[in-house]
1. Sum up the charges of everything whose Cβ sits under 14 Å from the Cβ of R26, counting Lys and Arg as +1 and Asp and Glu as -1, but leave R26 out.
2. Tell me, what % of the accessible area of region 177-274 is carbon and sulfur with a 1.4 angstrom probe?
3. What net charge do the residues around F158 carry, taking every other residue with its C-beta under 11 Å from that of F158, with Lys and Arg at +1 and Asp and Glu at -1?
4. Quick one: putting +1 on the C-beta of Lys and Arg, -1 on the C-beta of Asp and Glu, what dipole do you get for region 115-233 around its Cα centre, in Debye to the nearest 20?
5. Please give the per residue accessible area of region 163-289, computed with a probe of 1.4 Å over protein heavy atoms only, in Å².
6. Averaging sequence separations of C-alpha pairs under 8 Å and six or more residues apart, then dividing by the length of the chain, give the relative contact order as a whole percent.
7. Post the alpha-carbon centroid distance, region 63-138 to region 316-341, in whole angstrom.
8. Going through the cross-link list K228/K346; K126/K176; K105/K126; K230/K346; K139/K176; K176/K228, which pairs have a Cα-Cα distance over 18 Å in this structure?
Amino acid sequence: MNLGLEDLAELDPYGMPAAEKDALLRRRLGALTAHHSEKCPQYRRILEGLGFDPKVEHDVADIPPLPVRLFKDYELLSCDRSEVAKAMTSSGTSGQAVSKVFLDKRNVRDQTRVLTQILSSFIGRKRLPLILLDTEMVKTDRSMFSARGAGIIGFTMFGRQVIYALDDRMEMDLAKVRDFVQAQKGSTILLFGYTSLIWEHVVERLRRAGICLDIEDGILFHIGGWKKLKDRQVDVATYNAGLREVLGNLRIYNYYGMAEQLGSVFVECEEGHMHCSIYSDVLLRRPEDLAPVAVGETGLIELVSLLPTSYPGHVLLTEDEGSLLGQDDCPCGRLGRYFRIHGRMKGAEIRGCSDTYERR
């Protein structure tokens, strides 16, 4: 079976009804499981140890998920090393191991295509003036880069006249940003950054200085963990209010994703729900026995994606907890499963989010 996504490239990423999408995922994920079993010896041994036959058709919920932590301990490839176009690492706190993900040209292409489809459904196809709320230093090493750098580089394809708001010391270049905002009067401005970095290096500093950039029409996307902000009693409402206080009139979208499945992101809609696209899905499992939980119950988040072909990252069990809210009936009008993230499972290893900034 062809594992490419060409036949899905022009479809509405949130327009496929449940029965059709479930059949698509069952067929495609089954083919991916067989592919990875054939190409990746470690993955094949895992399936054999579990008594799972990838040649037999299974429900998606029956495909064994890999714990994301495995990518910190093993280099898992379903392609020859000579075919690796990019080797990416997750961001990690000091002293922690990082995940390693190996991408061939097809994976790189599919990640770009899918991310474009998903985000364009929120912002349109037209490139917009873009402010990256980060430092340009994150893209220094292009051969081995972290999820943070990959996110920054990937987002530039949605922008024109791109600027970085922070200098090499993570200080805002206020004059540059103000000039940019003034020059874009009458245009929609796109902004992107990592959740806690934006709060610490943009919101808090502009607030202390009593400054608002007065953006007339902005769309801000942010990604990254909330642990540091929750420890400081900053919830979603407080965060969004702070952004608008110092930046101006914004539509704000949080989204969820990880280095091990880069590209198939889950964007929070206007109702505050994380949405699965036609390229991905979510299951919630009980920590004690990994049985699926019902709508409304809390469980460990399992993420599935049609993207990974060069490494076995198509069905992953995270260490995050959340709850499934429904399918095809969100008030925002988007089809697919939608869910809420509650945070890290208690007792799980502290995960180095993409927004980690280590002072040296």
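The values are calculated or read from the model by the stated rules, or taken from the named source; none is laboratory data. Keep in mind that this is a model prediction, so the values were computed, not measured. In this analysis, Cβ positions are derived from the backbone assuming ideal geometry, glycine residues included, and neighbour counts consider all displayed protein chains. Accessible surface is based on the protein model in full, side chains and every heavy atom, while ligands, DNA and RNA are left aside. Shrake-Rupley method; radii C 1.70, N 1.55, O 1.52, S 1.80 Å.
1. -3
2. It is 47 percent, rounded to a whole number.
3. Taking every Cβ under 11 Å from that of F158, the sum is +4.
4. Charge dipole of region 115-233: 300 debye, to the nearest 20.
5. 39 Å²
6. Relative contact order for the chain comes out at 20 percent.
7. Region 63-138 and region 316-341 have Cα centres spaced 22 Å from each other.
8. Those over the limit are K126/K176; K105/K126; K139/K176; K176/K228.
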